[in-house]
Amino acid sequence: MSAELKIENLRKQFSVGRPAIDDGSFRIEAGEIVVLLGPSGCGKTTTLRCVAGLEHPTDGRISIGHDIVSDPARKLLVPPRLRNVGMVFQSYAVWPHMTVAQNVAYPLKQRKVSSADIESKVAEVLEVVGLGEYAKRPVVSLSGGQMQRVALARSLVYKPQLLLLDEPLSNLDAKLRLRLRDDLRRIIKQTDVTALYVTHDQAEAVVLGDRIGVMRDGKLLQMASSVDLYNRPSDLFVANFTGASNTLGGKVIERNGDYGKVQAPSGQTLTAWMPPSVKAGEAVKIAVRPENVQLGVDATSVPNRFAAKVAAQHYQGVQTIYELSALGGKLEALELGTHPRYADGADVDIVIPPSLCWAFPADEKAVIE
Ligand SMILES: Nc1ncnc2c1ncn2[C@@H]1O[C@H](COP(=O)(O)OP(=O)(O)O)[C@@H](O)[C@H]1O
Ligand SMILES: [Mg+2]
């Protein structure tokens, strides 16, 4: 049975440095997949290790299903083997001297499951991960992607109530990574296990997660469905990290409800969505995704229509990236298709829909690249 995971005010302070996890709270429903997304060092692995019981939290509470598994204030700490949690790591962590079936049977043997049951459970889970034909092979004869499927089968075979995955695709080459990424979601959903998955890769997060939590410096900045995250990021870092790579300086002239008028460096004004904290008169950074800059729109009566010039054109076969000069700054725009419509130096009218440009306080931290 899959179980809910609840994390309340979790903190982990190692002996040196700032807290690796700083007051993190979130819930994963039974059967849900949540992805923690963030740059290296933001505290993803530490969070997983605290949930697994491999790391001792400094403060806060972790509950799996109805059981509190960690609560330092009450000196409560359930050991890892009693948490009924499965883990898959970046390294394949398979037993090299065993066959595929022996690897997958291992956790069942440890749990003293009968031989007949072991055989049927191993066969069933190998079918689920697509390795039905490989049971008798030595595990070292498999490819990286197949070894990671073995590791996954081994974590699922004893039906854990919660599955933790720490960048399981990072060691695979690009093609295998895409294959296994799509398969992973299907397998996790098919086995109906609750999953907490961590990665620094936004594309992986979007494909795999029912919801995504973005982390920075030990803090959980926003947790939302991928559609909400991509269309309504809560701050500049979340916007940047999920691909809104364009930023333009500006100043808020007036605010009306969720939107406001912002003066761009060129002196032109545009209408942008803004979070509640942003006030008239304030300096802002406007964030826009390259794929939301619409090129060559004919209609004249639409808001946020501006003249732009193509400063550089980068043809990539299935798409073209344009570096545009517009609004007194630089903007990247993305055009899908194999025939680019604009050459270097061309004049083009652009439209940035107001709901897809976001004005954040100028002092907010962006992603450093
Ligand atoms: N055993 C440890 N001792 C001291 N600091 C650690 C230890 N493990 C992790 N950290 C620190 O905690 C922070 C978060 O690390 P980690 O959870 O591994 O990040 P991520 O998985 O997001 O890359 C980093 O600053 C890291 O240096
Ligand atoms: Mg890590």
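What to note about this one:
- Considering the stretch 5-56, the residues that are in contact with an Asp or Glu (Cβ under 7 Å, 6 or more places away or on another chain) and either polar (S, T, N, Q) or not assigned by TED's automatic domain parsing to the domain that holds Gln202 (or both) include one that is nearest to ligand 2 (Cβ to nearest atom), namely Thr45.
- Within the stretch 42-69, being within 16 Å of ligand 1 (Cβ to nearest atom) and not in a loop (DSSP other than H, G, I, E, B) holds for Lys44, Thr45, Thr46, Thr47, Leu48, Arg49, Cys50, Val51, Ala52, Asp59, Gly60, Ile62.
- If the condition is being within 30 Å of Phe237 (Cβ to Cβ) and either hydrophobic (A, V, I, L, M, F, W, C) or in a loop (DSSP other than H, G, I, E, B) (or both), then the stretch 303-317 contributes Pro303, Asn304, Phe306, Ala308, Val310, Ala311, Ala312, Gln316.
- Residue count for the stretch 114-157, restricted to those that are buried (at least 16 other Cβ atoms within 10 Å of the Cβ) and not aromatic (Phe, Trp, Tyr): 25
- Checked across the stretch 21-33, the condition of being within 16 Å of ligand 1 (Cβ to nearest atom) and in a loop (DSSP other than H, G, I, E, B) holds for no residue.
- Residues that are modelled with pLDDT of 95 or more and within 16 Å of ligand 2 (Cβ to nearest atom) were ranked within the stretch 169-200; the one that is surrounded by the fewest Cβ atoms within 10 Å (Cβ to Cβ) is His200.
- Qualifying residue in the stretch 275-284 (condition: part of a strand (DSSP E or B), touching a residue at least 12 places away in the same chain (Cβ under 8 Å) and not aliphatic (A, V, I, L, M)): no
- Search result, residues across the stretch 66-97 that are surrounded by fewer than 17 Cβ atoms within 10 Å (Cβ to Cβ) and closer than 17 Å to Arg27 by Cβ: His66, Asp67, Ile68
The values are calculated or read from the model by the stated rules, or taken from the named source; none is laboratory data. Since the structure is predicted, the reported quantities are computational estimates derived from the model, not experimental observations. A quick note on method: Cβ atoms are made from the backbone with ideal geometry, for glycine too, and the neighbour counts reach across all protein chains shown.
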